[in-house]
Every structure is written in C-alpha cells, then in structure tokens.
Amino acid sequence: MEPIQRYLSTLQQTMGKLPQPLIAEVIYTLQRARMQGNQVFIMGNGGSASTASHFVCDLAKNTRNPALPHFRAIGLADNMEIFSAYANDEGYENVFSQQLINLIKPADVVIAISASGNSKNVVNAVEEARKYGATTIGFTGFNGGRLGQIVDLHIHVPSDIIEHVEDIHLMLEHMIVRTIKDQPFIGLSLPQADAKLSAEVPAD
C-alpha cells in the first residue's frame with residue numbers, strides 16, 4: 001500500500017540524516033560514566049517515557065560484561081509513587097528536577113527525551129542537572145526546542161512527524177546499547193578503542 005511505503009521511505013530518509021559523530025560521542029560519554037561509577041538518569045513524557053524506561057532496562061541489562069562495571073541507570077518516570085507525589089505537591093513541571101536534586105552528583109549523565117524539545121519538566125530537569133556539573137544529552141525532533149539549546153550533546157531527529165521522531169529515538173537507544181554490547185571497550189582508555197573513536201568523532 002502506498003501509505004505504508006511512504007511512511008517507510010520517509011523514515012529511512014530521516015534516519016540517513018542522523019548526526020553519527022554525535023551518536024558516537026554519546027556512546028563515549030556513557031562508557032566514561034560506566035567506568036567512573038556515575039549514574040545515568042533518563043527521562044521523558046508519554047511515548048518518550050516509554051523509550052526512557054526501555055533505555056534504562058537495556059543499558060542496565062544488555063551491556064553486562066564480566067570485565068567491566070555495570071551501568072548504574074535510573075528512569076525518572078518509573079517510580080509512580082515519587083513521580084505522583086512531586087506532581088501533586090510541587091507541580092508537574094518539577095517532577096524530574098526534584099528527583100535529581102536528591103540524587104545527582106557532578107559527572108553524572110542525564111539523558112532527556114522530548115520530541116518537541118519543549119517539555120517543561122524535562123527542560124527544568126536539564127537546567128537543574130547543569131547546576132551540578134552533570135553531562136546532559138538531549139534526544140529531540142521538530143526544531144529541537146529549548147532542550148536542544150541547553151544540552152551538551154544534542155541528537156536531533158530532523159522530522160516534524162511525531163511517529164517518526166519516536167521511532168528513531170527508540171532505534172537510537174537500541175543502536176547505542178547494541179554498539180556497547182558488541183564493542184564493550186569502545187571509548188575506554190585503551191589504544192585500540194581510542195583509535196576507533198577518534199576516527200568516528202571529528203575534532204572541534
């Protein structure tokens with residue numbers, strides 16, 4: 001059917017525009033957090049909350065390697081008791097930032113997923129994380145919104161089709177985890193890993 005073909009072909013075209021060097025940089029950042037024992041916090045709303053939870057699950061379980069530390073990943077949309085308490089008492093716009101205040105430390109990593117890039121609770125949490133010296137990563141679509149302007153690493157899906165943006169965000173999660181699983185030493189302080197990453201990430 002023509003609508004199915006159009007959806008798939010447009011999706012494929014959008015995937016071809018993804019910033020591969022930045023994706024490699026995200027992998028390096030996650031690997032550094034892994035080795036240093038830093039936390040990785042992941043958040044989003046709606047479909048992005050589902051992707052965030054999926055990311056936490058895969059990062060914590062599917063990357064395990066007996067020669068390396070496990071990832072310490074936390075989903076900020078996963079504890080409904082804490083989530084609803086902050087929403088009720090502090091406002092929905094603060095449900096993520098208030099959790100981070102209790103937990104975040106310098107050099108932790110915060111991954112924020114928002115198709116529009118303008119989800120107020122996500123933006124507030126990233127702004128809070130930056131105060132503590134965390135590395136912030138944003139997955140967005142559309143024009144990137146406010147989130148794209150304030151994160152350290154911005155993975156932008158250049159599409160205004162919400163379904164495509166959410167499809168690709170989940171694919172990115174799988175790509176990142178699979179790369180770490182297949183190349184567990186990528187980005188680490190080993191000559192062969194550093195050489196590979198240098199070829200993938202251009203100098204500033």
Report summary line: Options (1) 148; (2) 184; (3) 130 for volume of the Cα convex hull per residue in Å³; the value derived from the coordinates is listed as (3)
Query raised in the report: Can you give the net charge of the other residues whose Cβ lies under 9 Å from the Cβ of ALA33, counting K and R as +1 and D and E as -1?
Result: +2
Requested in this report: Report the full-extension gain for the segment ILE4 to ALA67: residue separation times 0.36 nm, less the Cα-Cα distance, to one decimal in nm.
Outcome: 18.3 nm
**Report entry** Packing rank of 80-88, 27-35, where each peptide gets the mean count of other beta carbons within 10 Å, highest leading
**Finding:** 27-35, 80-88
Query - Sequence-separation-based contact order of the chain, relative, with Cα cut under 8 Å and 6+ spacing, percent - result: 23
**Report entry** segment 30-82-segment 110-156 distance, computed between alpha-carbon centres (Å)
**Finding:** 16
Report task. Compute the length gained on full extension between LEU103 and ARG130: take 0.36 nm times their separation in residues and subtract their Cα-Cα distance, giving the result in nm to one decimal. Result -> 8.4 nm
**Report entry** Model label zone, GLN13; criterion: amide N under 14 Å from point 7 Å along Cα-to-beta-carbon; scope segment 134-161
**Finding:** 158-161
Query raised in the report: Taking a label point 7 Å from the Cα of GLN183 along the Cα→Cβ vector, which residues of segment 7-38 have an amide N closer than 13 Å to it?
Result: 20-29, 31
Requested in this report: Kindly count the pairs of lysines across the chain whose alpha carbons are less than 18 Å apart, treating pairs on different chains or eight or more residues apart as eligible.
Outcome: 4
Report summary line: Answer in debye to the nearest 20: the dipole magnitude of segment 19-185 about its Cα centre, from +1 Lys/Arg and -1 Asp/Glu charges placed on Cβ, is 640
Requested in this report: Taking the dipole about the Cα centre of segment 19-185, with the C-beta of Lys and Arg at +1 and of Asp and Glu at -1, give me whichever of ILE161, PRO184, ALA73 is farthest to the positive side.
Outcome: PRO184
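We did not get these values from a lab; they are worked out from the coordinates using the rules stated. Model, not experiment: these values are computed from the prediction. Methodologically, a virtual Cβ is constructed for each residue, glycine included, from the backbone with ideal geometry; neighbour enumeration extends over all protein chains shown.
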